[in-house]
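Note sheet for the following structure.
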Amino acid sequence: MRKPLLHQSFLNAFRGIFMMIKSERNFQLEVAAFLINLFLIFYLDLSTIDTILILTVSSGVLAAEMFNTAIEKICDIIQPEFDPRIGFIKDIAAGAVLLMALISVITGILIYWKYIFH
């Protein structure tokens, strides 16, 4: 199999992102939270370090959700019927998203607190 041209690889990756936005409710909510964070970064005039931290944890949540969805889709292809082993794999992947989301919320509270209340 030939490797796709560089621009085709980028188009494929962007198609994956748009497919996530179109079909995955949790991803849609996380994109909305990301956009709110972008607004707050500019509205509250966050420092460069604080901006980097917010963007890192926010994009980490989005990436974790994409990995989780990919794992779930693969599991559904491999084993369409209920299987506790597949359920365990899916739970681990979902737990990774939850962990990243919790860390993101804690980071947001710690950073935004000083801009809003000081």
The relative contact order of the chain, taking Cα pairs under 8 Å that sit 6 or more residues apart, comes to a percentage of 28 percent
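Looking at the square roots a ≥ b ≥ c of the eigenvalues of the Cα gyration tensor of segment 11-62, which shape do they give, rounded for a/c under 1.5, prolate if a/b is larger than b/c, or oblate?
Details: a/c = 2.72, a/b = 2.05, b/c = 1.33.
Prolate, because a/c is 1.5 or more and a/b exceeds b/c.
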Simple SL model, points at 7 angstrom along Cα→Cβ for Lys22 and Met1; separation in nm is 2.1 nm
Expected vector for segment 58-63, Karplus 3J(HN,Hα) from phi with 6.51, -1.76, 1.60 and θ = phi - 60°, integer Hz, x for Gly and Pro, equals 5, 5, x, 5, 4, 5
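Set the Förster radius R0 to 22 Å, insert the Cβ-Cβ distance between Leu98 and Ala32 as r into 1/(1 + (r/R0)^6), and round the FRET efficiency to 0.05.
Values: r = 18 Å, r/R0 = 0.80.
That gives a FRET efficiency of 0.80.
Could you work out what % of the accessible surface of segment 24-118 is carbon and sulfur, using a 1.4 angstrom probe and leaving DNA, RNA and ligands out of the count? Could the numbers behind the result be given before it?
Numbers: 4800 of 6480 Å².
Answer for segment 24-118 is 74 percent, counting heavy atoms of protein chains only.
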Short to long, in 10 Å steps from zero, the percent of alpha-carbon pairs of the chain per bin is 12, 33, 30, 18, 6, 0
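Return the calculated 222 nm mean residue ellipticity for the chain, to the nearest 500 deg cm²/dmol, obtained by summing -39500 (n - 2.57) across DSSP H runs with n ≥ 4 and dividing by the residue count. Walk me through the numbers before you get to the answer.
Numbers: 4 runs with 102 residues, N = 118.
Dividing the helical sum by the residues of the chain leaves -30500 deg cm²/dmol.
The values are calculated or read from the model by the stated rules, or taken from the named source; none is laboratory data. Values in this document were obtained by computation on a predicted structure and should not be read as measured data. A quick note on method: Cβ atoms are made from the backbone with ideal geometry, for glycine too, and the neighbour counts reach across all protein chains shown. Surface areas here come from the heavy atoms of the whole protein model, side chains and all, with no ligands, DNA or RNA. Shrake-Rupley method; radii C 1.70, N 1.55, O 1.52, S 1.80 Å.
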